1. Looking at B:280, B:324 in this structure, which one is surrounded by fewer than 24 Cβ atoms within 10 Å (Cβ to Cβ) and more than 14 Å from chain A (Cβ to nearest Cβ)?
2. Test each condition in (1) modelled with pLDDT under 95; (2) on the phi > 0 side of the Ramachandran plot for residue A:250 and report the one that comes out false.
3. Could you tell me whether the range A:228-247 includes any residue that is within 12 Å of chain B (Cβ to nearest Cβ), at positive phi and surrounded by fewer than 24 Cβ atoms within 10 Å (Cβ to Cβ)?
4. Mind checking which pairs have a first residue in the range A:94-113 that is within 14 Å of another protein chain (Cβ to nearest Cβ) and touching a residue at least 12 places away in the same chain (Cβ under 8 Å) and a second that is part of a helix (DSSP H, G or I) and crowded, with 17+ Cβ neighbours inside 10 Å, Cβ under 6 Å, 6 or more apart or different chains?
5. If you go through the range B:182-204 one residue at a time, how many are out of contact with any helix residue (DSSP H, G or I) (no Cβ under 8 Å at 6 or more places or on another chain) and either surrounded by 23 or more Cβ atoms within 10 Å (Cβ to Cβ) or closer than 19 Å to residue B:274 by Cα (or both)?
6. Regarding the range B:306-315, can at least one residue be identified that is within 14 Å of another protein chain (Cβ to nearest Cβ) and either under 27 Å from residue B:31 (Cβ atoms) or surrounded by fewer than 23 Cβ atoms within 10 Å (Cβ to Cβ) (or both)?
7. So which of A:75, A:61 is surrounded by fewer than 21 Cβ atoms within 10 Å (Cβ to Cβ) and over 27 Å from residue A:177 (Cα atoms)?
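The values are calculated or read from the model by the stated rules, or taken from the named source; none is laboratory data. A quick note: this is a predicted structure, and the numbers were derived from the prediction, not measured. FYI the Cβ positions are ideal-geometry reconstructions off the backbone, even for glycines, and counts take in every protein chain you see.
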């Protein structure tokens, strides 16, 4: 949990003092249960149980490397003695739909007066069955991805704010942008910088308790939403903004670019997973890092000059030795500081960012 | 009006056999009344009157160069003897809001049983006063910009369709992309090509009677919407797609890139207005054409290789001689065929596109 909260929160942290069940049935692994993994990593103390009937009895740390001691169950009923207050939907699938086989868990939760927290595109609160149950049992359904109603188009105005705006971008989607932005925020705070993590996706919002899911605003308002996030937080020294998608991913590139032109960052951290060879869910090869740097800087430039300041490597599945070699090779290839935030921290990035701070 | 209609129309042409009043009060000029100008140019025979109280008694051709003989009035009442059936909102302002001083025209129209056709973000049909009046007087409110409900994320699948997909892109917004795409469609049809104009914005949809306003879909679905438009029209030889915004415009770049990666075009026509020096509504200078070509081709390439095939110049306000010189200079600078579609036609583009057709 972040220690310091922004006064202009758009959402009240839905997870404060709650006892959360994370639903990740059949998809609890490091790549598919992105939301579950993020919430377990950054809100560990509030998670009391997980649901995945294929992993009952195992320890989460065996599967995702974190979350030691959280029980994995196969039904809501089994968890009732632990007095859960909330059921959090722990996946972010392409298209944002609810897997049909999960409806029963939601029904059971509502009937046992457990709130639902969802970041899906599909609004659980607008589903006739779920909304009726929520009324009948007086429980809340929180659809995190709903966007504020006062959005407008972007103007590039964020560049006039004094805060240093650092945006994470990716060689692909799902490579570690949120984790990198969170780790930069934490490390900066430890060094006495007034820093704020700016959430732009459902998991980030669940962790930070504020933000806008920019992939769920009307497409005309992507950069306007990003700009709003910046203007409301202009009093910080450092705004560490969670990026979305990738400039080269055909499904998400529009959101990526709208975010880039709305945030108007002074610096980018390019995130990459060295073992990934193809763009996710496609048959397109990933571009080499120097070419990606050129693309991101080139497309940012007409709105505001901006440099890639470092490379964040997600070395999941590699040994520390392999990761170190990968980092060395990347630094040689790009002439930029590189690190794996979870294995080796982000001090290198803070050293680069600090001279820019107001 | 286009001669040939696509069988898979998403919208029935709202303007068939209608007698339309175009509302452009206080903004009837070539740059602000983009929708009015487009509808007058391409649906001339259905427009019976215009409203702009600052131009009453003038002829539209004096102001926008077209629409000779259409009367300009300052109230709905004055036009009633001409038996209007529809009031069309003839502007596309930033943010898509309804100018407050226009409410009275809408109220008068509804009370006189005249339908409303709107392409604004603000849905007229959801306004309490207007929707009540529409019920009371049994008239229709058509919000063109509402998006289909079955959209998903983009996959890059459009590249498997055999149709040649030509997308217009811009050095800025509002430089002539829709007109260029419409003129390419018409010229191709005249040469016997099976061609379809693909509308992606409200004016284009009003003209073609089909399409999706891609700036009004959820941002996660921009490229998915574009892909849907392609897959439904895969049986044509040529799909001439109306582009949106510009890669370098901070408000619209997300939509521009999502469209580019969803359409997966084989070729682009770069549209530009030579007299424009700054990006619209900003203080950013426009980029030189060779740099823009590099940016568009560079960002398209990771999904599918694609070349800029020609430059469409909007030489509005220049003499024919000045336009010819500008075209020559542009051809020299870019080594690509250039033309002003309205002054000199688009035969040069058709010559370049034709060898690519299936």
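1. Criteria check complete, one pass: B:324.
2. (2)
3. Checked the range A:228-247: no residue is within 12 Å of chain B (Cβ to nearest Cβ), at positive phi and surrounded by fewer than 24 Cβ atoms within 10 Å (Cβ to Cβ).
4. Close Cβ pairs (under 6 Å, with a partner that is part of a helix (DSSP H, G or I) and crowded, with 17+ Cβ neighbours inside 10 Å) do not exist here.
5. Qualifying residue count for the region: 1.
6. Yes, the range B:306-315 contains a residue that is within 14 Å of another protein chain (Cβ to nearest Cβ) and either under 27 Å from residue B:31 (Cβ atoms) or surrounded by fewer than 23 Cβ atoms within 10 Å (Cβ to Cβ) (or both).
7. Details: A:61 fails: over 27 Å from residue A:177 (Cα atoms).
Exactly one of A:75, A:61 is surrounded by fewer than 21 Cβ atoms within 10 Å (Cβ to Cβ) and over 27 Å from residue A:177 (Cα atoms), namely A:75.
Yes or no, residue by residue, for (1) at pLDDT below 90; (2) not in a helix (DSSP H, G or I):
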position	(1), (2)
B:103	no, no
B:131	no, no
B:139	no, yes
B:142	yes, yes
B:147	yes, yes
B:153	no, yes
B:159	no, no
